[in-house]
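Below is one structure, written out as C-alpha cells, with a few remarks after it.
The values are calculated or read from the model by the stated rules, or taken from the named source; none is laboratory data. Keep in mind that this is a model prediction, so the values were computed, not measured. FYI the Cβ positions are ideal-geometry reconstructions off the backbone, even for glycines, and counts take in every protein chain you see. Ligands, DNA and RNA are excluded from the accessible area calculation, which covers all protein heavy atoms including side chains. Shrake-Rupley method; radii C 1.70, N 1.55, O 1.52, S 1.80 Å.
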Amino acid sequence: MGKKVKVAMAQMTSKLGDIEYNLKKAEDFIKQAAAKGADIICFPELFATGYNMNILKDNIIDLSRKYYQIIFNRMSQLAKNNQIYLITSFVELIDDEKPYITAIIFDRDGRKVGSFYKTHLFNLEKKYFEKGREYPVFDVDFGKVGILICYDIGFPEAARTLCLKGAEIIFVPSAWRIQDENAWMLNIPSRALENQLFTVGVNRSGREGDLHLFGRSMVCNPMGEIVFQMDYDDDKVSIYDIDLDEIKKSRKWGYLKDRRPEIYQL
C-alpha cells in the first residue's frame, strides 16, 4: 500500500469584499473536507477578500489591514477544530506597510507552519503589492510541500527550486481568468512532469465584474497526467487521493536523473 494523502480542493466562488460571507463559506468547505478524511485543504488566491483590483482598488489593502488578524485567527481555529492542514491565501502587511499576496499553511493543531509570498506579480498586482523573494518547503506529517501562487506556476525555475528543496506536492492557489485557460491547462501538468512530483492547482470560480475566474482545479501526477479535474465554475470542495510513492517510481527514469546543471546558463 502506497503513501496516500487525501487532498481537498476548495474551488470557491467568493463575494467581492464580503469577508464574513467568504469566511463562513470557507468554514463549511473545511468541515466537509474533514468529514471525508482529508489531510489538507487548499483555498484559492485571495479567497477571503475577492480578487478584482479594477473594482477593489486601494480597498483591497484597507480590507486586508482591517481583517488580517480575523482571517488568520479563524483559519487557525478551523484547522485545529477539524484536525486538518489548511493552505489559505490572503494579503499580509509586513510591518503594517508592505503588502504581500500570501499563502499561509496551518497544521492540524492550528499552528502556523509558515508563509509563502507571491514572487511574480500579474498586471495590477504590481501596483498594490510587493514581490516575494523565497521558495520555502514546508514539512508536514505526510511529507514535504511547496506553494506557488497563480502566475508563479508559469515560471519553471520556481517549481524546479521547490523540487530541488524536496517538495513532493506543489499547491497552486489561484485566481486564474478564463482568457488564459490554455496556460492553466499547460502550466500545472508541465511543472508536474518536469519535476516528477504532484501539482495541485486550486482556482477560484465565479465572476467579479467582467473578470471570469473559471475553476477547473486539478491534480497532476508525476508523469504530468491530469488525474483529477473539477468542472467549470463549480463552487464546492472536492477530494482526491494521491499516492506519494508514485514520485519514487517516476524518478527511476528521466528529467531529474538526467539533468546537467553544470552546462545550464542562468
Top-ranked residue in segment 103-118 [being in contact with a Gly (Cβ under 8 Å, 6 or more places away or on another chain) and not hydrophobic (A, V, I, L, M, F, W, C); ranked as surrounded by the fewest Cβ atoms within 10 Å (Cβ to Cβ)]: TYR117
Extreme residue, nearest to the chain's Cα centre (by Cα), among residues of segment 151-174 that are within 14 Å of GLY201 (Cβ to Cβ) and open to solvent by 10 Å² or more (accessible area, probe 1.4 Å): TYR151
Is it fair to say LYS15 is touching a helix residue (DSSP H, G or I) at 6+ places or on another chain (Cβ under 9 Å), at pLDDT below 95 and open to solvent by 80 Å² or more (accessible area, probe 1.4 Å)? no
Report yes if LYS236 is open to solvent by 10 Å² or more (accessible area, probe 1.4 Å), basic (Lys, Arg), in contact with a strand residue (DSSP E or B) (Cβ under 6 Å, 6 or more places away or on another chain) and at pLDDT 95 or above, otherwise no. no
Residue hits (segment 65-83; buried (at least 18 other Cβ atoms within 10 Å of the Cβ) and among the aliphatic types (A, V, I, L, M)) are ILE71, MET75, LEU78, ALA79
Consider only pairs whose beta carbons are under 7 Å apart and that are at least six residues apart or on different chains; among these, list those whose first residue lies in segment 69-91 and is in contact (Cβ under 8 Å) with a residue 40 or more places away in the chain and whose second residue is surrounded by fewer than 16 Cβ atoms within 10 Å (Cβ to Cβ) and assigned to a helix (DSSP H, G or I). ASN82/LYS31
Is it the case, given these coordinates, that GLU208 is of a type outside the set (Lys, Arg) and more than 26 Å from PHE90 (Cβ to Cβ)? no
Taking ASP139 and the conditions (1) open to solvent by 80 Å² or more (accessible area, probe 1.4 Å); (2) not in a strand (DSSP E or B); (3) not small (Gly, Ala, Ser), which numbered condition does it fall short on, given that it satisfies the others? (2)
Filter segment 1-48 for residues that are hydroxyl-bearing (Ser, Thr, Tyr) and part of a loop (DSSP other than H, G, I, E, B); the one that is farthest from GLY215 (Cα to Cα) is SER14
For segment 176-203, give me the residue count where each residue is surrounded by fewer than 24 Cβ atoms within 10 Å (Cβ to Cβ) and of a type in the set (Gly, Ala, Ser). 2
Those residues of segment 26-38 which are more than 30 Å from ILE247 (Cα to Cα) and open to solvent by less than 30 Å² (accessible area, probe 1.4 Å) amount to ALA26
Filtering segment 204-225 down to residues that are closer than 11 Å to TRP184 by Cβ and in contact with a helix residue (DSSP H, G or I) (Cβ under 7 Å, 6 or more places away or on another chain), which residue is surrounded by the most Cβ atoms within 10 Å (Cβ to Cβ)? MET218
Just need a number here: residues in segment 142-156 that are touching a residue at least 40 places away in the same chain (Cβ under 8 Å), in a strand (DSSP E or B) and either closer than 23 Å to TRP176 by Cα or touching a Pro at 6+ places or on another chain (Cβ under 7 Å) (or both). 2
